[in-house]
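Here is the structure we will look at, set down as structure tokens.
The values are calculated or read from the model by the stated rules, or taken from the named source; none is laboratory data. Since the structure is predicted, the reported quantities are computational estimates derived from the model, not experimental observations. No Cβ is skipped: glycine too gets one built from the backbone with ideal geometry, and neighbour counts run over all protein chains shown. Surface accessibility is based on the protein's heavy atoms, side chains included, excluding ligands, DNA and RNA. Shrake-Rupley method; radii C 1.70, N 1.55, O 1.52, S 1.80 Å.
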Amino acid sequence: LVGSEMCIRDRPQRPGLPGGDGAQLRPVPLPGELRGSMSEKCYGLLGRRLGHSWSVPIHQALGREGYRLFELEPEALGDFLRREDVGGLNVTIPYKRDVMRFCDAIDPAAEAIGSVNTLVRREGKLAGYNTDIDGFLYMLRRAGISLKGKNVVILGSGGASLTAQAAAKREGAREIAVVSRSGPDNYETLPDRHGGAEVLINTTPVGMWPHMDGAPVDLRRLPGLTDVADVIYNPGRTDLLLQAEALGLRHAGGLSMLVHQAKRAEELFFDKPIPDGETEAITARLWREMTNLVLVGMPGSGKTTVGKLLAERSGKPFVDLDGEIARRAGMSIPEMFASQGEGPFRQLEHEVLTEACAKSGQIIATGGGAVLREENRAAMRRTGRVYRLRRRLEDLPTEGRPLSQAGRLEEMERLRDPLYAAAADREIWNVNSPAEAAGEIWRDFYE
């Protein structure tokens, strides 16, 4: 970190969403010489690798326009934390425990948890807090998940696990088991040792972007489960949460936890309360901005047309998967079917769809057969809200559609109907006009 680092003045701004009406403060350059009387203070997130972080837009929405990311190697940690211009920091992997030795004071709750995720400098002294537990409990309450009197299993033994353990104790859990890759309580022995688990909490990175495939456990091995929580926020629905949803269990993802702990940190930065309504407003805004809107349905159901209308309405980029497949293959889809057959097409379709769904904030129109592979359906649902477009069979065009031209539309719909149902969050009939269907989808997505 050098003298060209940018900080913001040490005073709160009006809460506002990114791009909204929050007051703008002009960033000022950090002088090369640190002075004890500096009025400019730095606020941001401290970690080692922060390319995946959503903290900047969250804190900007809370009014911290100059909030920034500070990526440091371990050997630079001490010098940075001794800087007098540090006003407040959030702390993430791998420094939640390491920063404790640099604190002049640590909040008893953070001391009990054994990790600090928020640092505040007051009168030259660095104080450590843990707001993760506030966010964690908010996430559970929001989903209607109670730990009181419950048999709780926590997956993972890192810093997030310490938070979950402290929360379970505070809320009066009957039993608390921590499961990791080794030791007597491991993933293989989980069903035998803790088959009566009622609440499962994942604090591991399994299923987190960019490696979103897979879940740490198969929930079917724990038949007594009623609730599942996953602290991961990207993707919005991990494979663990998708299975919980399919099994009808109460479930919660980590986005509201992330936002609420940030709100609590801002309260500590400036010793000023912020209404919980800000957590809800920012969570909703982030969800709308980051979540893909995915269209599935029979060939000719209007996915491309409706998708383009949604892109115009929302400002989100539009992705036509069939068009991208043709571009990559260097030929049209009918030509690909004629020269290579359906197998190579489906493999390329899977690759293109997986790449598209790994990104966020898009309108994605899939091909009619994209739901045939289970891994495709999972990829859509992890990062998107999925809509099935429907039309009457007699209204489906067949020109330029190899499988539709084979005269098998009724059989195709019969075989694909349960797959469309498994993929979709909502079904929309595209009967009167594409504009009407697009409007109905957008209203549902926004609400």
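Listed here are the residues, each with its yes/no results for (1) at pLDDT 95 or above; (2) out of contact with any Leu (no Cβ under 6 Å at 6 or more places or on another chain); (3) more than 20 Å from residue 271 (Cα to Cα).
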site	(1), (2), (3)
65	no, no, no
84	no, no, no
89	yes, no, no
104	yes, no, no
109	no, yes, no
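Return yes or no: is residue 348 under 19 Å from residue 301 (Cβ atoms) and buried (at least 16 other Cβ atoms within 10 Å of the Cβ)? No. Restricted to region 173-214, and to residues there that are touching a residue at least 24 places away in the same chain (Cβ under 8 Å) and assigned to a helix (DSSP H, G or I), the residue that is least open to solvent (accessible area, probe 1.4 Å) is 190. With respect to being within 20 Å of residue 272 (Cα to Cα) and over 24 Å from the mean Cα position of the chain (by Cα), residue 88 fits the description.
Each row is one residue, and each column tells you yes or no for (1) free of Cβ contacts under 8 Å to residues at least 24 places away in the same chain; (2) hydrophobic (A, V, I, L, M, F, W, C).
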{"site": "297", "(1), (2)": "no, no"}
{"site": "301", "(1), (2)": "no, no"}
{"site": "311", "(1), (2)": "no, yes"}
{"site": "317", "(1), (2)": "no, no"}
{"site": "335", "(1), (2)": "yes, no"}
{"site": "346", "(1), (2)": "no, no"}
{"site": "351", "(1), (2)": "yes, no"}
{"site": "355", "(1), (2)": "yes, no"}
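Are any of the residues in region 195-207 small (Gly, Ala, Ser), within 21 Å of the chain's Cα centre (by Cα) and modelled with pLDDT of 95 or more? Scanning region 195-207 turns up at least one residue that is small (Gly, Ala, Ser), within 21 Å of the chain's Cα centre (by Cα) and modelled with pLDDT of 95 or more. Looking at residue 294, is it part of a strand (DSSP E or B), touching a strand residue (DSSP E or B) at 6+ places or on another chain (Cβ under 8 Å) and of a type outside the set (Gly, Ala, Ser)? Here the answer is yes, as residue 294 does meet what is asked. Only residues that are under 14 Å from residue 197 (Cβ atoms) and assigned to a loop (DSSP other than H, G, I, E, B) were counted in region 149-172, giving 2. Scanning region 247-281 for residues that are within 19 Å of residue 61 (Cβ to Cβ) and not in a helix (DSSP H, G or I) returns 253, 254, 272, 273, 274, 275.
Could you tell me whether region 223-232 includes any residue that is within 25 Å of residue 280 (Cβ to Cβ), open to solvent by less than 60 Å² (accessible area, probe 1.4 Å) and more than 21 Å from the chain's Cα centre (by Cα)? Within region 223-232, one or more residues are within 25 Å of residue 280 (Cβ to Cβ), open to solvent by less than 60 Å² (accessible area, probe 1.4 Å) and more than 21 Å from the chain's Cα centre (by Cα). When the criteria are applied in full, residue 130 meets the requirement of being farther than 30 Å from residue 218 by Cβ and among the polar types (S, T, N, Q). Could you figure out which of (1) of a type outside the set (D, E, K, R); (2) buried (at least 24 other Cβ atoms within 10 Å of the Cβ); (3) closer than 20 Å to residue 160 by Cα isn't true of residue 251? So residue 251 meets the others, but not (2). Just checking, does region 38-54 include any residue being of a type in the set (A, V, I, L, M), over 22 Å from residue 128 (Cα atoms), at pLDDT below 90 and surrounded by 15 or more Cβ atoms within 10 Å (Cβ to Cβ)? No, every residue in region 38-54 fails to be of a type in the set (A, V, I, L, M), over 22 Å from residue 128 (Cα atoms), at pLDDT below 90 and surrounded by 15 or more Cβ atoms within 10 Å (Cβ to Cβ). Of all residues in region 325-342, those satisfying the criterion of being open to solvent by 50 Å² or more (accessible area, probe 1.4 Å) and either of a type in the set (Gly, Ala, Ser) or in contact with a strand residue (DSSP E or B) (Cβ under 7 Å, 6 or more places away or on another chain) (or both) are 330, 338, 339. Scanning region 126-149 for residues that are open to solvent by 40 Å² or more (accessible area, probe 1.4 Å) and farther than 18 Å from residue 46 by Cα yields 134, 141, 142, 144, 146, 148.
Exactly one residue out of 79, 98 is of a type in the set (Asp, Glu), open to solvent by less than 60 Å² (accessible area, probe 1.4 Å) and more than 24 Å from residue 236 (Cα to Cα), and it is 98.
One line per residue, one yes/no per condition, for (1) out of contact with any Gly (no Cβ under 9 Å at 6 or more places or on another chain); (2) part of a helix (DSSP H, G or I):
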{"residue": "283", "(1), (2)": "yes, yes"}
{"residue": "299", "(1), (2)": "no, no"}
{"residue": "304", "(1), (2)": "no, yes"}
{"residue": "319", "(1), (2)": "no, no"}
{"residue": "325", "(1), (2)": "no, yes"}
{"residue": "354", "(1), (2)": "yes, yes"}
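Within region 289-312, restricting attention to residues that are at pLDDT 95 or above and open to solvent by 20 Å² or more (accessible area, probe 1.4 Å), the residue that is farthest from the chain's Cα centre (by Cα) is 305. Quick check on residue 244: is it in a helix (DSSP H, G or I) and touching a residue at least 12 places away in the same chain (Cβ under 8 Å)? Against the criterion (in a helix (DSSP H, G or I) and touching a residue at least 12 places away in the same chain (Cβ under 8 Å)), residue 244 qualifies.
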